[in-house]
Amino acid sequence: MNWTDRIRAAQARIAPHIRRTPVMTVSGFGANRPIAFKFEQMQHTGSFKPRGAFNTLLSQEVPAAGLVAASGGNHGAAVAYAAARLGHPARIYVPEMAGPAKIGLIERLGADLQVVPGAYANAFEAARAYEAETGAMQIHAYDAEATVAGQGTLFAEWEEQGLEADTLLVAVGGGGLIGGALGWLAGRRRVVAVEPETSCALHAALTGGMPVDVEVSGVAANALGARRIGEICIGLAQAQGTESVLVPDAAITEAQTALWREMRQLVEPAGATALAALMSGAYVPGPDERVAVLICGGNIAPDPLRG
């Protein structure tokens, strides 16, 4: 089955369980052209991640031991939400750097939450050990076909909503989201990968010709801080000649502030990273190029309305 068919099947499978998130085309943000936005931070649990989680759970048999996932926060929340909705037990491992907003969200969703020292890689090691010990089903955050196909439904949905862009700017962590974009669009539109300068696993892989471990840090590391890009993503990115651009933390926080000031959209740093490429000049469109920006996450820390 090719990626188009996988994503179409996933879209039909998860439709009763996800939101069809809004789109809008606006001027501003220092650009000399309209920008098409999709606001996926308005998805259940505040990110695109439930798409992949629901597709995984609905396309496979879940063992009695339930589910296990490692996450920087958003994936864990999505798995916890999907598991609760479908009646499965779930244990979620997150690193301390996930932050209080995302940790609190997972706790409220009722999963068995385990916070471990270190970064995402450390949480993933703990999840692997629990999987081996109990037989629980591991839901990978980004490097699994069902996850990537689920994330691809976002782009199928966007085209159904009338997307007219030549180029899509997409933030990248481990590669599940942009893998879904590349799988669905298959070269019909340009997809540009946007990564923080200090968390750039895809850029390093494209530069070196193969996945390598990278150090991760910075304002978006709890969502985009994968140490190594997924095999599915790098395969699709290399086959399609995907362009990767890097943005500094200052550009990410500037884009985050601009989304609030100009559109009253409160998003986490990862959610503003794609826009940062456009605002900072890391990506410069051609004179008549139509550009779209995906806003992918809204779990800002600290929670501004906590209480």
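All of the numbers you see were taken from the coordinates with simple rules; none came from a lab. Here the structure is a predicted model, which is why all the values come from computation and not from measurement. Don't worry about glycine lacking a Cβ; one is built from the backbone with ideal geometry, like all the others, and counts go over all protein chains shown.
General remarks:
- Considering only beta bridges that DSSP places wholly inside the chain, some 15 percent are antiparallel.
- Between Val284 and Ala31, the modelled labels are 1.7 nm apart [label points 7 Å from Cα along Cα→Cβ].
- Label reach from Met24 (point 7 Å along Cα→C-beta): in region 256-295, amide nitrogens under 13 Å belong to 259-267, 295.
- Two-site FRET efficiency, Glu164 against Glu125, from Cβ-Cβ distance with R₀ of 51 Å, rounded to 0.05: 0.70
- Working ranking of peptides 78-91, 266-279, 156-169, 100-113 by packing, defined as the average number of other Cβ atoms within 10 Å per residue, highest first, is 266-279, 78-91, 100-113, 156-169.
- Between region 235-260 and region 12-33, the alpha-carbon center distance in angstrom: 17
- Volume per residue that the Cα convex hull of region 77-189 spans, once the total is divided by residue count, Å³: 125
- Inter-site label distance for Glu215 and Asp303 at 7 Å from Cα along Cβ, in nm: 3.4
- Each Lys and Arg Cβ is given +1 and each Asp and Glu Cβ -1; about its Cα centre, the chain then shows a dipole of about 720 debye.
- Computed [θ] at 222 nm, helices only, for the chain once each DSSP H run of length n ≥ 4 contributes -39500 (n - 2.57): -13500 deg cm²/dmol
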